[in-house]
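The values are calculated or read from the model by the stated rules, or taken from the named source; none is laboratory data. Computed from a prediction, not measured in an experiment: that's the story for all the values here. All Cβ positions, even for glycine, are placed from backbone atoms using ideal geometry, and neighbour counts span all protein chains on display.
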Amino acid sequence: MLRWILGLAALTSALSAAAAPPNIVILYADDMGYGDLGIQNPDSKIPTPHLDQLAREGMRFTDAHSSSGICTPSRYALLTGRYHWRKFHDIVNSFDPPVFDAEPTLASVLKAQGYATACIGKWHLGWDWDAIKNPAAKPEKHGEDKAASYLSTDFDWSKPIPGGPLARGFDYYFGDDVPNFPPYTWIENDRVLAAPTVPYAPDPRPEEGSPEGRPGPMVEGWKQDAVMPTLTKQVVDWIAAREGQEQPFFLYFPWTSPHAPIVPAKEWIGSTKAGGFGDYVHQSDAHAGTVLAALEAHGFRENTLVVFTADNGPEHYAYERVRKFDHRSMGPLRGLKRDIWEGGHRVPFVVRWPGHIEAGSVNDALIGQIDLMATIAAIAGAELPPGAAEDSINQLPVLRGDQPFVRRAHVHNTFADGWAMRLGDWLLIDKPTGDVSKVPEWYEKQMGYSKNPLPGALFNLKDDLPEQHNHFAEQPERVEALQQLLATIRAGGAGAKSAQAAE
């Protein structure tokens, strides 16, 4: 009888766990290219064993896209389920206001569903800095190509800073906002932990590229190579504190790496055959492994949906990495960060959900980061507010293997003067060129790229993933149809979402 009772109790516990809404964890890399994930680049010079293992335990998408080729817009789109270009195009600069109005976010939707919510890492979506700014503060200009800079004395650092993550549905925040922007200090929730009192100075010097630090106030002794280790420790501690609690959680961990400054910790320097950037990616993979291990150690592995992806493609020095180390951060794709070529926005994308997603599956369905809002809401049993997430399509049928694809079209955009759109295998670039990155002549020759004298480009990505053979002049009817569909989606309204969904 005792054995029967214990068996029944175990069964009841298992059924209860299966019925419980899953925890959600999003790991969001910064400037990590399609070819930097080792499992999808057989010629990679950068080991990513933990992310590769995550892919082997879940589903890896090969046709996944951020909303933009730069970071602030992609983060906004991921959290709101709407294309960034419906509102803005550029990044939030130093001490800029928030990009949000009253849009529901993934955090606010899940919080309303009873989730504990946390963001730990790079925010880069703006704060209401004016609330703590002294009335007489006047920024100094540091050259035309750099943002205006304020002094430490221009702010009252004892005050709370409104408009950040806590105003967007997150219960908890910890981070440095943007790793290469002031203020260089830790922010917990809506307050700095220490007032930044000295001018910015890079420490350490980067292993590759420039420091990229914008001028402004910094905490004395600020070490940029300590940022990712500190963030990861905070994530692990936050997960540990959730053990034993029945409330489900949503953890958004936007990394500061491998974005510049390229500052791998000392123990990682020289650990790859791809220079400082390779070492930084290798270290970032280890941080992912630490977080995944924490989920397992505290009993969350089986009932947690983990998503790993990146905000955009790799920086311009990826070309030099090809020449110097024969490592292609962009993989087989054309273009880099900022471009509307595939390399600017086709990104790594892995989803693991034990018992719900087939382990080791590779999926070539078209998916956007904007789809996370509708998909996760469906998984959590949450109803999206009216008018929210107007571009987000529920990908749960694809994750479960019930449908081959649910998205037929996706709009690609970075800046206001360049647009591209996918429809099935076809890609329209509605601009004379699709790049803003400076492509070296040797690389253009190596890849067989040529200047485009036409007003746009048309590629069949099924046969031509590197975007080398332009069919724009050969298929004017297809070009016109795609341009009309692009105009419909850009116009918004009821027809925009249905135009993107599978029939």
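Mind checking which residues of the range 286-338 are assigned to a helix (DSSP H, G or I), closer than 24 Å to residue 234 by Cβ and of a type in the set (Val, Ile, Thr)?
Hits for the range 286-338 are 290, 291.
The condition of being crowded, with 18+ Cβ neighbours inside 10 Å, touching a residue at least 24 places away in the same chain (Cβ under 8 Å) and in contact with a helix residue (DSSP H, G or I) (Cβ under 6 Å, 6 or more places away or on another chain) holds for only one of 55, 64, that being 55.
Inspect all residues belonging to the range 440-451 and state whether any of them is within 17 Å of residue 346 (Cβ to Cβ) and in a helix (DSSP H, G or I). Yes, the range 440-451 contains at least one residue that is within 17 Å of residue 346 (Cβ to Cβ) and in a helix (DSSP H, G or I).
Filtering the range 313-335 to residues that are on the phi > 0 side of the Ramachandran plot and out of contact with any Phe, Trp or Tyr (no Cβ under 8 Å at 6 or more places or on another chain) leaves only 326. When 107, 102 are checked against the criterion of being touching a strand residue (DSSP E or B) at 6+ places or on another chain (Cβ under 6 Å), surrounded by fewer than 24 Cβ atoms within 10 Å (Cβ to Cβ) and farther than 21 Å from residue 418 by Cβ, a single residue qualifies: 107. Among residues that are small (Gly, Ala, Ser) and at positive phi, residue 81 is included.
Of all the residues in the range 120-138, those that are at negative phi and either in contact (Cβ under 8 Å) with a residue 40 or more places away in the chain or surrounded by 18 or more Cβ atoms within 10 Å (Cβ to Cβ) (or both) number 7.
On inspection, residue 162 does not qualify as without any contact (Cβ under 8 Å) to a residue 40 or more places away in the chain, assigned by TED's automatic domain parsing to the domain that holds residue 133 and either over 19 Å from residue 108 (Cα atoms) or of a type in the set (A, V, I, L, M, F, W, C) (or both). The one condition from (1) surrounded by fewer than 18 Cβ atoms within 10 Å (Cβ to Cβ); (2) within 16 Å of the chain's Cα centre (by Cα); (3) of a type in the set (Val, Ile, Thr) that residue 281 does not meet is (1).
How many residues, within the range 29-52, are within 30 Å of residue 247 (Cβ to Cβ) and surrounded by fewer than 23 Cβ atoms within 10 Å (Cβ to Cβ)? Number satisfying all stated conditions: 1. Across the range 422-457, the number of residues qualifying as among the hydroxyl-bearing types (Ser, Thr, Tyr) and at pLDDT 95 or above comes to 1.
Residue 117 passes every criterion in (1) within 29 Å of residue 364 (Cβ to Cβ); (2) surrounded by 22 or more Cβ atoms within 10 Å (Cβ to Cβ) apart from (1).
Among the residues of the range 384-406 satisfying the criterion of being touching a residue at least 24 places away in the same chain (Cβ under 8 Å), of a type outside the set (A, V, I, L, M) and more than 21 Å from residue 105 (Cβ to Cβ), which is surrounded by the most Cβ atoms within 10 Å (Cβ to Cβ)? For the range 384-406, the residue satisfying everything is 405.
Considering the range 457-488, the residues that are in a loop (DSSP other than H, G, I, E, B) and within 28 Å of the chain's Cα centre (by Cα) include one that is surrounded by the most Cβ atoms within 10 Å (Cβ to Cβ), namely 467.
When the range 47-95 is filtered for residues that are modelled with pLDDT of 95 or more, among the small types (Gly, Ala, Ser) and part of a loop (DSSP other than H, G, I, E, B), the ones remaining, listed by number, are 58, 66, 67, 68, 69, 81.
When 262, 376 are screened for being in contact with a strand residue (DSSP E or B) (Cβ under 7 Å, 6 or more places away or on another chain), over 21 Å from residue 394 (Cβ atoms) and either outside the structural domain of residue 392 (by TED's automatic domain parsing) or among the β-branched types (Val, Ile, Thr) (or both), only 262 passes.
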